[in-house]
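Taking it in order: structure first as structure tokens, then the write-up.
The values are calculated or read from the model by the stated rules, or taken from the named source; none is laboratory data. What you see is a predicted model; the values in this text were computed from it and never measured. Glycine gets a Cβ as well: all are built from the backbone with ideal geometry, and neighbour counts include every protein chain shown. With ligands, DNA and RNA removed, areas are computed over all heavy atoms of the protein, side chains included. Shrake-Rupley method; radii C 1.70, N 1.55, O 1.52, S 1.80 Å.
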Amino acid sequence: MRRRILAVAASALAVAGCSGTNPVVPEPTTSTSPAPCTDPVFTWTGVQATPTLSAVGEVTEAASGADLELDLKPIGRLRDGVSGDMLIVEVDTPGVDPEVALTSLDAKLAADRIEKIDTVARNTEHTADTVSTTLTVTNVAAGRYVAYTASYVITARTTYTCAGEPSARTGSVATWSDLVTAVYDCASSPGTGPVGVVEAEAARFKCT
């Protein structure tokens, strides 16, 4: 019995010695960060500015001559039922500072007079849980009113060259720009153009 115990102890020592001579070596990691792009020159394609209902208030009943303070809160995209913030800024331009890319997109929008947008947002300022806006209107006719904010949701693709690089890089941008904050009379018909599109959406969402 004693001989068997000693054999087990010797075996354990052999295993311990073996593990001590073969340490686990972690696999080397490689960086996937793109090299900085020097003097980028952008070519923008697929630029779209979609008028969108980005904030809305509750319907308010008003007597003739009333002054109203109408509260608005940002909303999610109505078509898929997602609540929360929908106006985001996402810049995917490897190796280029987002501000540089957005400034180039500003120039493209201004040069082409795309929906008369001159400047796009640099950050997400409409946060559903924390931001609200109050719109004041005076001396209204009797009726039912809803305040709304119309914004452009802007998306674009880009190809850009970098100094000293033989091949171009590709990227994309999603951002937004406010169009107008206004009040809609639920008894009226939506207007025309981008504002009319948003008025119709506000009417479907709140006036019915």
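Descriptive notes on the structure:
- Residues of segment 58-75 satisfying the condition of being within 14 Å of residue 140 (Cβ to Cβ) and either small (Gly, Ala, Ser) or open to solvent by 30 Å² or more (accessible area, probe 1.4 Å) (or both): 59, 60, 61, 62, 63, 64, 65, 66, 67, 69
- The residues in segment 186-208 that are in a helix (DSSP H, G or I) and at negative phi can be counted, and the count is 14.
- Just one of the numbered conditions (1) among the aliphatic types (A, V, I, L, M); (2) within 30 Å of residue 36 (Cα to Cα); (3) in contact with a Ser or Thr (Cβ under 6 Å, 6 or more places away or on another chain) is not true of residue 142: (2).
- For the condition at pLDDT 55 or above, in a loop (DSSP other than H, G, I, E, B) and surrounded by 10 or more Cβ atoms within 10 Å (Cβ to Cβ), residue 27 does not qualify.
- Of all residues in segment 30-50, those that are closer than 13 Å to residue 159 by Cα and either open to solvent by 100 Å² or more (accessible area, probe 1.4 Å) or among the small types (Gly, Ala, Ser) (or both) total 1.
- Applying the criterion of being more than 20 Å from residue 99 (Cα to Cα), part of a loop (DSSP other than H, G, I, E, B) and of a type outside the set (A, V, I, L, M, F, W, C) to the residues of segment 34-62, the residue that is nearest to the chain's Cα centre (by Cα) is 57.
- Taking the conditions (1) under 19 Å from the mean Cα position of the chain (by Cα); (2) free of Cβ contacts under 8 Å to residues at least 40 places away in the same chain; (3) open to solvent by less than 60 Å² (accessible area, probe 1.4 Å) in turn, residue 200 satisfies each one other than (1).
- Test: residue in segment 129-145 that is more than 26 Å from residue 204 (Cα to Cα), surrounded by 14 or more Cβ atoms within 10 Å (Cβ to Cβ) and modelled with pLDDT under 90: no
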